[in-house]
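K.L.:
Quick one: the structure is below, questions incoming.
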Amino acid sequence: MRSTFKRSATIGIAALVVVASCGGGGGDGDEPLERDAALASLNEFADDIDWIDDTVTRRAAIPPPSGADLAATLPPIDTFDLSVQAPGDSTAVEIFASTEKSGDGTDGWINEAATAFNAANITLANGERAGVTIREIASGTGYQFIASGSYLPDAFSPSNQLWVEMAAEFQPMSEIDASMVSNTAGIVMKTETADEVEAAYGATTPETLVDAVIAGDLVMGYTDPFASSTGLNFLVTVLDAIADGDEARITSPDVASVFEQFQRQVPFVALTTLQMRDSVESDTGTLDTFVMEYQTFINTDSLQSGYVFIPFGVRHDNPLSAVGDIGPSATETLQLFAQFAESDFADLGREYGFDPPDYTATVETPTGATLIEAQAIWKDKKDGGRPVSTVFVVDVSGSMAGTRIEALQLAMLSAREFIKPETRVGIVEFDDRASLRLPIAEFDLNQQGGYTAVAEDLSPGGGTAMYDGIVLGLSMLEAEVAANPEVKPLLVVLTDGQTTDGLEYGSVDNTIAGLRIPVYTVGFEADLDELGRLSTLVEAASINADQDDVEFKIAALFNAGG
């Protein structure tokens, strides 16, 4: 049974030094607080909220580790929509197509080409009708399916050739078309920042940007190289710059050591380009520079003034490759489709933004094996050598009953597999008030047992004091930072986002923004509007999850976040 006493927030968990006098955090429209003022404000909130110490005493059995493999968490392939379906009477091929060309509007170029191709009644040499099915799937996710053999399409059209090289380490890959439609990746930088970098370093090149970041002169974010084509390209470009263009050295220990210094100065690795863009545009954002494909950049009105686009790395020319031995009819269908799309839909591609400035790749495409090693370096060095402390803030209110709490439990148990043993972890629960369930400690077998027991024992009921839980979690993390300023703190909120009790967003937003602790949010059958703006306060990710894909999404989140 839970204890019901109110415990002072100045005892043990949040014994923080108040370094400035400050009222509450302020509401919408106020400026984010400076860090010292935000810390004082957090202490005031922590003193005022009603919370209890209900530390778990049970230790659950821990199953053997599964190896923390992203591919092992892949959801059913039907989670990813077919944006175009081939006619039933055709020799149909299925293409995994990256989302910037298989989505909606200006992101739907390949869909329009495939729809027209299917309607054109084009026949093969044997007289059969040719047809194309398009599956909308991110390049990194498509690669995971192919590499694991979980599901093999007939063809793969990622954003760039890097994924094809990696896939070829696991499946035979045959080039159909090296470039279906043109694009490039680029570093997007505020104009005044670009001017300052050029004045200080003589140019804005990947090499000078690496130097500027390591020196602390530039705050930069980029996307997850396990999920994002631009993120993978940027990782390769940075390693190549450190290795002075010598592919044989880009995964060497000396290069990895310098890369760790680089990562130490990177506050933010996003899951997606759109999340990165939103963080830069946010009033509370601290990023000077981020990465994006040209096609997305040119279609984002808010970036057309005050920003520059600097191409980098390999080109993003949307290759098309057959996967495995698909036979002559399927191969002919792919060839006919590639010819049709290039001849009849080139103008539409340019209209939709696939019309980048002239650019010759500055990085040679590495082998698939080298790219896989580069990802391993990133995974090992992404925290920049800093210790990580993470607090989970878990919604156990009545609205979470049923499939939501089941998906949340699955998310927590999946996250356990991706948390390093040296990471320090704690848990806060909230219903109509906040509860300390697991004090922060190193994620050894004892802590894993307590963490698992909390996840297994989640019992929904009562109201939703989400921001009270967030304040308690942030207080715990600030105590960690006070004990070791080198700590990289992270807060992960798992909720349906329906706040009914306690503090509200408008009273704590500027405090959260001023603390500069990333708040990652995972919504369960949730309206992500509030969770999205909460995460954007400090350049973190907000994702929506259900039972089909929650394991994969939480794995991707921890792969990027720490």
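K.L.:
Could you report the accessible area of D527 in Å², rounded to 10, computed with a 1.4 Å probe on the protein chains as they sit in the structure?
P.N.:
Taking all protein chains as shown, D527 has close to 100 Å².
K.L.:
For the chain, with the dipole built from +1 on Lys and Arg beta-carbon atoms and -1 on Asp and Glu ones, taken about the Cα centre, which of T237, V132, Y505 lies farthest toward the positive end?
P.N.:
Y505
K.L.:
Could you list the GluC sites (Glu not before Pro) in the range 319-364 that lie in coil according to DSSP, counting only those with at most 14 other Cβ atoms within 10 Å of their Cβ?
P.N.:
The qualifying sites are E364.
K.L.:
Amide H of G313 versus every other amide H placed in the peptide plane: which residues, excluding those fewer than 5 positions away on the same chain, fall under 5 Å?
P.N.:
Hits under the 5 Å cutoff: T362, V363.
K.L.:
With Cβ to Cβ distances under 9 Å as the rule, what net charge do the other residues near A72 carry (K, R +1; D, E -1)? Kindly include the intermediate steps, with their values, before the conclusion.
P.N.:
Values: positive: none; negative: D69, E417, E551.
Value of the local net charge: -3.
K.L.:
Moving on. Over the range 291-402, what is the mean sequence separation of C-alpha contacts under 8 Å (at least six apart), divided by residue count, expressed as relative contact order in percent?
P.N.:
Numbers: 35 pairs, mean separation 41.7, N = 112.
Once normalised by length, the contact order is 37 percent.
K.L.:
Would you please put 115-121, 37-43 in order of how densely packed they are, using the mean number of other Cβ atoms within 10 angstrom per residue and starting with the highest?
P.N.:
Descending mean neighbour count gives 37-43, 115-121.
K.L.:
Determine how large the accessible area of V56 is when every protein chain is in place; take a 1.4 Å probe and give Å² rounded to the nearest 10.
P.N.:
Counting only protein heavy atoms, V56 exposes about 10 Å² to solvent.
K.L.:
On to the next question. Amide H to amide H under 5 Å from V393: which residues, 5+ apart in sequence or cross-chain, H placed 1.01 Å off N in plane?
P.N.:
Long-range HN contacts for V393: V428, V492, V493, L494.
K.L.:
So what J values fall out for the range 98-104 if you push phi through Karplus, 6.51 cos²θ - 1.76 cosθ + 1.60 with θ = phi - 60°, rounded to Hz, Gly and Pro as x?
P.N.:
These are the phi-based 3J(HN,Hα) values: 5, 6, 6, 10, 10, x, 10 Hz.
K.L.:
Using a probe radius of 1.4 Å on heavy atoms only, what accessible surface per residue do you get for the range 476-521? Whole Å² is fine.
P.N.:
Per-residue accessible area for the range 476-521 comes out at 29 Å².
K.L.:
Of R350, R35, R416, R433, which has the most accessible area with a 1.4 Å probe, and how do the rest follow in descending order?
P.N.:
My answer, sorted largest first, is R350, R35, R433, R416.
K.L.:
Using only the heavy atoms of the protein chains and a 1.4 Å probe, how would T452, T499 rank by accessible area, largest first?
P.N.:
Order by accessible area, largest first: T499, T452.
K.L.:
When the helix-only estimate is applied to the chain (DSSP H runs of n ≥ 4, each -39,500 (n - 2.57), divided by the residue count), what is the mean residue ellipticity at 222 nm, nearest 500 deg cm²/dmol?
P.N.:
Estimated from H runs of four or more residues: -12000 deg cm²/dmol.
K.L.:
Distance from the Cα centre of the range 388-423 to that of the range 120-192, in angstrom?
P.N.:
34 Å
K.L.:
In whole Hz, with x marking every Gly and Pro, tabulate ³J(HN,Hα) for the range 435-443 from phi via Karplus 6.51 cos²θ - 1.76 cosθ + 1.60, θ = phi - 60°.
P.N.:
9, 7, 10, 8, x, 5, 7, 4, 7
K.L.:
Quick check on packing: order 208-221, 389-402 by the mean number of other C-beta atoms within 10 Å, highest mean leading.
P.N.:
Per-residue Cβ counts within 10 Å, averaged per peptide and sorted highest first, yield 389-402, 208-221.
K.L.:
For N183, what residues show an amide H to amide H distance below 5 Å, using hydrogens built from the backbone and excluding near sequence neighbours?
P.N.:
H316, D317
The values are calculated or read from the model by the stated rules, or taken from the named source; none is laboratory data. The model shown is predicted, which means the values in this text are computed figures rather than measured ones. With ideal geometry, Cβ positions are generated from the backbone for all residues, glycine too; neighbour counts draw on all protein chains shown. Note: accessible area is taken over every heavy atom of the protein model, side chains too, but ligands, DNA and RNA are not part of it. Shrake-Rupley method; radii C 1.70, N 1.55, O 1.52, S 1.80 Å.
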